[in-house]
Amino acid sequence: MRTKRMASTVVLDPTLRIKPTKKTTPIFNNNNNDSVVEEIEGLIRVYKDGKVERPPIVPYVDASVLSPDLPVTSRDVVIDKYMNIWARFYAPFSVTPQLAHTHDINNNKHPLLVYFHGGGFCVGSASWSCYHEFLSKLSSKLGCLIMSVNYRLAPENRLPAAYEDGFKSLTWLKQQATTTTTTTNECYWWSRRCDFSRIFLIGDSAGANIVQHLATSLASCNPGSDAKRLQPLTFRGTVLIQPFFGGEARTFSEKHVAQSPRSALSLPASDTYWRLALPAGVDRDHPWCNPTANSESLRHDLPVMVCVSETDILRDRNLEFCAALSKAGKRVEYKVYGGVGHAFQILSKSQLSQMRSNEMMAHIKAFISSRC
């Protein structure tokens with residue numbers, strides 16, 4: 001299959017509400033007469049009348065825009081056209097999956113990673129170029145299928161909207177697993193190669209928060225539990241990359257880890273994201289923000305891998321989460337990546353970040369391989 005170079009096509013995400021701006025114009029509409037009530041510079045501005053602006057600070061790319069060096073194909077699939085929920089799939093070219101068991105009857109099929117992007121629940125897209133590049137590399141290195149979910153954003157759709165979209169995507173996935181596909185089906189190209197008994201939930205930042213919430217909802221043993229309703233899907237583990245958690249009391253890293261002006265996540269930005277994402281009237285100790293404040297948020301049974309960045313303001317909160325899981329008797333392992341900050345694997349092109357990104361992919365591959 002022919003591939004195109006990264007620079008060949010740039011498109012706007014269908015959820016974007018503003019027009020693309022030229023370099024000579026402000027990224028926000030400064031002529032708006034309404035007062036601004038919340039803002040994260042360069043990313044989002046919310047007005048008193050409810051209007052929301054998100055400048056296209058990160059390019060949106062078409063699924064077909066792939067590096068010719070990567071043996072991967074990608075396509076977009078609609079999950080719910082009315083709610084504008086869709087997913088971008090990545091599939092490696094290799095016929096024999098790297099993580100297949102020799103004696104497994106499904107050894108000609110690939111594990112599936114269901115991925116949720118970050119962005120504080122307020123920005124981000126499955127079609128952002130940084131995610132497209134990262135996930136196409138991950139699919140190639142791991143030999144896995146990846147389903148990158150595009151969910152609704154806050155503040156227009158506050159939590160639990162993103163959680164609901166996450167579960168809707170898994171329900172849709174169940175339908176694909178139980179439907180006889182033919183060559184004319186738009187999902188045939190990936191579903192025929194998918195091992196639905198080897199599914200992993202993975203996400204970064206806010207996406208990792210979504211994964212944590214979904215894993216908790218899957219843990220119930222009740223007859224009508226989410227896990228039973230999603231059969232025959234079988235979930236093998238979760239990977240949380242720099243999970244976006246918070247709390248009213250500040251951690252040491254939140255107070256003292258210095259952030260550059262170009263940091264992907266500062267403490268003021270984190271607070272703003274939570275004000276926009278959480279239901280009105282709740283604080284940052286709500287279990288959706290602070291899972292360690294409520295034992296029910298730690299009840300899931302899936303093995304967990306947590307990727308922590310040394311210079312991330314979320315470092316200590318991520319480590320506290322790992323300690324709480326371990327204390328609760330859960331299976332958890334974590335890796336700390338030295339000298340890098342929040343979202344380094346998708347936003348930084350430095351030599352150190354690229355080296356740490358390769359290490360992270362190797363660690364994720366080992367985690368998944370040991371559970372396949």
Residue ID - surrounded by the fewest Cβ atoms within 10 Å (Cβ to Cβ), chosen from residues in region 258-280 that are at pLDDT 95 or above and over 15 Å from Phe121 (Cβ atoms): Pro268
Name the single residue that is farthest from Arg54 (Cα to Cα) among those in region 291-327 being touching a Gly at 6+ places or on another chain (Cβ under 8 Å) and open to solvent by less than 20 Å² (accessible area, probe 1.4 Å). Pro303
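Would you check which residues across region 341-355 are under 13 Å from Ile241 (Cβ atoms) and surrounded by fewer than 22 Cβ atoms within 10 Å (Cβ to Cβ) and list them?
Hit for region 341-355 is Leu347, nothing else.
Residue-wise test of (1) in contact with a Phe, Trp or Tyr (Cβ under 8 Å, 6 or more places away or on another chain); (2) touching a residue at least 12 places away in the same chain (Cβ under 8 Å).
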position: Cys122; (1), (2): yes, yes
position: Ser139; (1), (2): yes, yes
position: Leu159; (1), (2): yes, yes
position: Phe167; (1), (2): no, yes
position: Thr171; (1), (2): no, yes
position: Trp190; (1), (2): yes, yes
position: Gly203; (1), (2): yes, yes
position: Gly207; (1), (2): yes, yes
position: Lys228; (1), (2): no, no
Would you confirm whether or not region 279-298 contains a residue that is within 24 Å of Ile146 (Cβ to Cβ) and within 18 Å of the chain's Cα centre (by Cα)? no
If we ask which residues in region 46-69 are open to solvent by 30 Å² or more (accessible area, probe 1.4 Å) and outside any loop (DSSP other than H, G, I, E, B), their number turns out to be 0
List every residue pair whose Cβ atoms sit under 7 Å apart, with the two residues 6 or more apart in sequence or on different chains, where the first one lies in region 67-94 and is touching a residue at least 12 places away in the same chain (Cβ under 8 Å) and over 17 Å from Trp190 (Cα atoms) and the second, anywhere, is part of a strand (DSSP E or B) and open to solvent by less than 10 Å² (accessible area, probe 1.4 Å). Ile85/Asn150
With (1) exposed (fewer than 15 other Cβ atoms within 10 Å of the Cβ); (2) under 27 Å from Pro155 (Cα atoms); (3) under 19 Å from the mean Cα position of the chain (by Cα) as the list, and Ala362 as the residue in question, which single condition is left unmet? (2)
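In region 315-372, how many are part of a strand (DSSP E or B) and of a type outside the set (Phe, Trp, Tyr)?
4
Out of all the residues in region 244-252, is one or more modelled with pLDDT under 95, assigned to a loop (DSSP other than H, G, I, E, B), within 18 Å of the chain's Cα centre (by Cα) and more than 22 Å from Lys168 (Cβ to Cβ)?
Looking for residues that are modelled with pLDDT under 95, assigned to a loop (DSSP other than H, G, I, E, B), within 18 Å of the chain's Cα centre (by Cα) and more than 22 Å from Lys168 (Cβ to Cβ), one finds none in region 244-252, hence no.
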Cβ-Cβ distance below 8 Å, separation of 6 or more or different chains: which pairs start in region 324-352 with a residue that is without any contact (Cβ under 8 Å) to a residue 12 or more places away in the chain and end on one that is open to solvent by less than 50 Å² (accessible area, probe 1.4 Å) and assigned to a strand (DSSP E or B)? Ser326/Val332
Could you check region 190-221 and list, in sequence order, the residues that are in a helix (DSSP H, G or I) and in contact with a strand residue (DSSP E or B) (Cβ under 7 Å, 6 or more places away or on another chain)? Trp190, Gly207, Ala208, Ile210, Val211, Gln212, Leu214, Ala215, Leu218
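The values are calculated or read from the model by the stated rules, or taken from the named source; none is laboratory data. These numbers were taken from a predicted model, which means no experiment stands behind them. Every residue, glycine among them, receives a Cβ derived from its backbone with ideal geometry; neighbour counts consider all protein chains shown. These area figures cover heavy atoms from the full protein model, side chains too; ligands, DNA and RNA do not enter into them. Shrake-Rupley method; radii C 1.70, N 1.55, O 1.52, S 1.80 Å.
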